[in-house]
Amino acid sequence: MSKMINLYPVRKFRFPIIAECISPDIFQDKTCKEIEKLEIWEGNKQRRLEELFKVEESRKDQETIITVYGDVSKVRRIGAYMTRGEITINGDVGMHLGEEMEGGKITVHGNAGGWAGSTMKNGTIEIHGNASHYLGAPYRGSTRGMRGGNIIVYGNVGNEAGAYMRKGLIKIYGNAGQFTGLRMHNGTIYVQKDSEGRVGACMTGGKIVVDGFLHSVLPTFTIESVKKKTKIEENNIAKGPFYLFLGDLTENGKGKLYVLKKKNPQLSNYEKFL
Amino acid sequence: MELLVKNGFVYDPINDVNGEKMDIAIRDGKIVEKVNENSARIIDASGMVVMPGGVDIHCHIAGSEVNTGRLLRPEDHFRDFERKTSKTRSGVGRSIPSTFTTGYRYARMGYTTIMNPSMPPLEAKHTHEELNDTPMLDKATYPLLGDWWFVLEYLKAGKIEECARYVAWMMTTTKGYAIKIVNPGGLEAWGSGRNVSSIDDQVPYFGITPREILRGLCKVNKLLNLPHTIHVHTNNLGKPGNYLTALDTMKCVEDLASEDKPVIHITHCQFSAFKGSDWRTLRSGAEEIAKYVNNHSHVTLDMGQVIFTDTTTMTADGPFQYTLYQLTGNKWVNHDVETETSSGIVPFRYRRKSYVHAIQWSIGLELALLIKDPWKIFMTTDHPNAGPFTFYPRIIAWLMSRKAREATLKKINPRARSRSLLPSIDRELGFYEIAVVTRAGQAKALGLRNKGHLGVGADADVAIYDVNPETTDLSKKYKTLRRAFKSAAYTIKHGKIVAKNGEILKHVEGATMWLDVQVSDPVEITEEMKKRFREYWTVEYENYPVTENYLEVSHPITIKADV
């Protein structure tokens, strides 16, 4: 039984809330009453979903669609482990959005906290505001990066986006922080605007495209050639020309780093090595 | 309080009880002849297996390296956590659980006594602080003495008795229980970036060989009448072809044995039983080691059984850990502990489909099954080096059921499968033998008189498992076995029921056992010695000893030495 569920926060949250239960997979076969009784942690207190959210069932639908209205920037792990359905959040959202998700779609009309799409395997996350640090990156210490799926951010992102990435695509239409694609193995990261640097540190494979300003490339990257264009995904080609760097040599890496030639005249001295 | 465990099938190998239906009476934390049936609390154990509480001879659960492992691996914690309850404290960790969780998880499996090997004497205070915080268990720890400069100096000068006096001093000062030797000589060599490759290589500067260290400390052990033997982690650990080193190590103390008593314990023997010249040609050396052990009575072993999972390796063997880091490229820690030892930590994943790991898995079980006398081989995973201790039920199932072994064999690397000896081994251990390899044998090897058995006067540490040996076909129903050993129906610690069906009922503190070695002429702390402390160590002598009030529950064992 599929349906459309709306959630409204009943008050402004003060403490972190762990809300793994807000996921289409869990809402799927439950009535509105059962959803209200789902367990949720607020700080160190266990609560029912109804104590924190007003639950409203609007209409039957093909798929389970969850819509959250309001600021949920204290609420973590929304959509964790989801495999299907859709979540839309009209407001800011907290950390660990869509952690380990395997399918479905999450749309955020606001900003997202750290670790959005952490270790995800498939599905899509669209963030219309900014995303914080560790976008699509694993938890600290872990090396299990993103294994598939798409993350699209229309705003800026923080540091270490796509760390340890193994597959999938991250598209950032704003600026990126430092260490984008840290230790990535495969997959693609596209940054439309400027990057703060140290891009692709310790990467062993994969592709990073910087379509804006990048102050300097790490010294462990070597220039390979100048490319006219590069493919981001099916039907999406970034027009260059780009400098193509290979690295990171400290890890014997074969990662590809494309940097737009037009916006980066400070890199032109690399051309003499071609 | 009085307790009566009624009608269980009792397996108590030290007292030769093999599955007889018996009642076990408990009063004031001890096993007694009988109690008043009307006033005692009765536990109905009919259709269940009753064993002494489990004893683990080798598991790294406390100390600076364990704690550094915790710090190194946040990813090991965040998926496996336990919330606090009204009885227990919260905790995290899978391969390196926090101290409280370690205690609870052992208690759930029916374990009541554990031994923490490899404590650098310099870190003794830290180790005891963590042991104090490990509830539910009686515990002890082994100081690392094989590469201590004092030992090396006196052995070089041939002064065995002098060495024994200093070892006795160290044992009491650090509140230790046995002499642990890790890669003798190799750790000292590692200080200058080298290693030793056989037991006859020279240790730089000191000019003595691992053979002399092993023999010297074995003699010291005998002179001091320590309850356990020397506890040895061999040279060349984790290198193909090292089964010869393991055999050499056992042979080198052969003549020091008397009256069939063991004089050496080779720990996590699986890592020392590799045959072949490199990783591609790696084979199992278990057959040769088992043959030697079957023909000699001066040696005991423990398995160090590999579990296919993600874990954290941590040993005092710095050079070995460096090799492991080079193999994996994983994050790592390496450390030189001043005049005493070294250490290293590398996270590691054992994979079924890896040829080497599958062979390692096979070696552990081959050792346990090919060595005929269960009193010579004990079940461990060298927690957390070859796998977390929480996987013990799985090993018990492999040992007791050929079918369980075959089920895993089907899933491992095919080349490893074709080279494994396991398909040719039909032996299946019964509950009696399991009781030996998991508790009685270990208690006997450790010289714990009141542990590992259920005779009158023993400590009332009892584990009751809900599996009926009469009606269950053990070799087929290995999953039932696993379930039963995973959460004991009852765990009784010191006469109190502490866990029931995997739930902790009571938080109790365990005692820390240590040796108070009485020598006729104890080491005097002279100005000379204090000067050496100032020269050799970063701590002053005054800050070094662990005083008895440092231990929360102190249980000294007085030993009269021959020097």
Here the gain from full extension of B:Arg449 to B:Asn501, 0.36 nm per residue of separation minus their alpha-carbon distance, amounts to 15.9 nm
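What full-extension length gain, to one decimal in nm, is calculated for B:Lys479 and B:Glu527 as 0.36 nm per residue of separation minus the Cα-Cα distance?
Working: separation 48, 0.36 × 48 = 17.28 nm, distance 6.25 nm.
Contour length minus the Cα-Cα distance gives 11.0 nm.
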Between the modelled labels at B:Leu327 and B:Ser297 (7 Å from Cα along Cα→Cβ) the distance in nm is 3.7
Averaged over the residues of A:142-150, the number of partner chain Cβ atoms within 10 Å of each residue's own Cβ comes to 1
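Output the relative contact order of chain B, whole-number percent, from Cα pairs under 8 angstrom with separation of 6+ residues. List each step's numbers first, then the result.
Working: 1388 pairs, mean separation 116.4, N = 563.
So the answer I get is 21 percent.
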Over the protein assembly as shown, the sum of -39500 (n - 2.57) across DSSP H runs of at least four, divided by residue number and rounded to 500 deg cm²/dmol, gives at 222 nm -6000 deg cm²/dmol
Taking N as the residue count of region B:475-563, its alpha carbon Rg divided by 2.2 N^0.38 Å gives 1.85
Quick calc: nm separation of the 7 Å Cα→Cβ label points for B:Asn7 and B:Asp255 -> 6.0
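Between their Cα atoms, which of B:Lys261/B:Lys530; B:Lys239/B:Lys353; B:Lys30/B:Lys560; B:Lys331/B:Lys530; B:Lys372/B:Lys403 are more than 31 Å away from each other?
Values: B:Lys261/B:Lys530 38 Å; B:Lys239/B:Lys353 20 Å; B:Lys30/B:Lys560 25 Å; B:Lys331/B:Lys530 38 Å; B:Lys372/B:Lys403 20 Å.
B:Lys261/B:Lys530; B:Lys331/B:Lys530, as the Cα separations exceed 31 Å there.
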Computed about the Cα centre, the charge dipole of region A:1-84 from +1 Lys/Arg and -1 Asp/Glu charges at the Cβ has a magnitude in debye, to the nearest 20, of 320
Against the 2.2 N^0.38 Å rule of thumb, the C-alpha Rg of chain A sits at a ratio of 1.08
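Restricting to Cα pairs below 8 Å that are 6+ residues apart, what does the relative contact order work out to for region A:1-84? Please round to a whole percent. Walk me through the numbers on the way to the answer.
Numbers: 159 pairs, mean separation 44.2, N = 84.
Normalised by residue count, the contact order of region A:1-84 is 53 percent.
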Under a Gaussian network model of chain A whose springs join Cα atoms within less than 10 Å, the largest fluctuation of A:Gln46, A:Gln178, A:Gln192 belongs to A:Gln46
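Looking at the protein assembly as shown, what % of the alpha carbon pairs are farther apart than 51 Å? Let's see the in-between values first.
Details: 92040 of 349866 pairs.
For the protein assembly as shown, the share of Cα pairs beyond 51 Å comes to 26 percent.
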Of B:441-448, B:464-471, ordering from highest average Cβ density within 10 Å down gives B:441-448, B:464-471
With the label point 7 Å along the Cα-to-beta-carbon line of A:Glu39 and a cut-off under 17 Å to each amide N, the hits in region B:92-119 are none
Under 20 Å by backbone N from the virtual spin label 7 Å along Cα-to-Cβ at B:Asp278, the residues of region B:346-365 are B:354-360
Descending packing, highest mean Cβ count within 10 Å first, for B:285-296, B:551-562, B:387-398, A:193-204 is B:387-398, A:193-204, B:285-296, B:551-562
For B:Glu528, the net charge from surrounding residues (Cβ-Cβ under 14 Å; K, R +1; D, E -1) works out to -1
Largest fluctuation, A:Lys261, A:Lys239, A:Lys171 only, Gaussian network model of chain A with Cα springs under 10 angstrom, belongs to A:Lys239
The simple spin-label model distance between B:Gln202 and B:Glu161, using points 7 Å out along Cα→Cβ, in nm, is 3.0
Sorted on mean Cβ neighbours within 10 Å (highest first), peptides A:68-77, B:27-36 come out as A:68-77, B:27-36
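Here, each number is a calculation from the coordinates, and none is a lab measurement. Quick caveat: nothing in here was measured; it's all calculated off a predicted structure. Cβ atoms come from the backbone with ideal geometry, glycine included; neighbour counts cover every protein chain shown.
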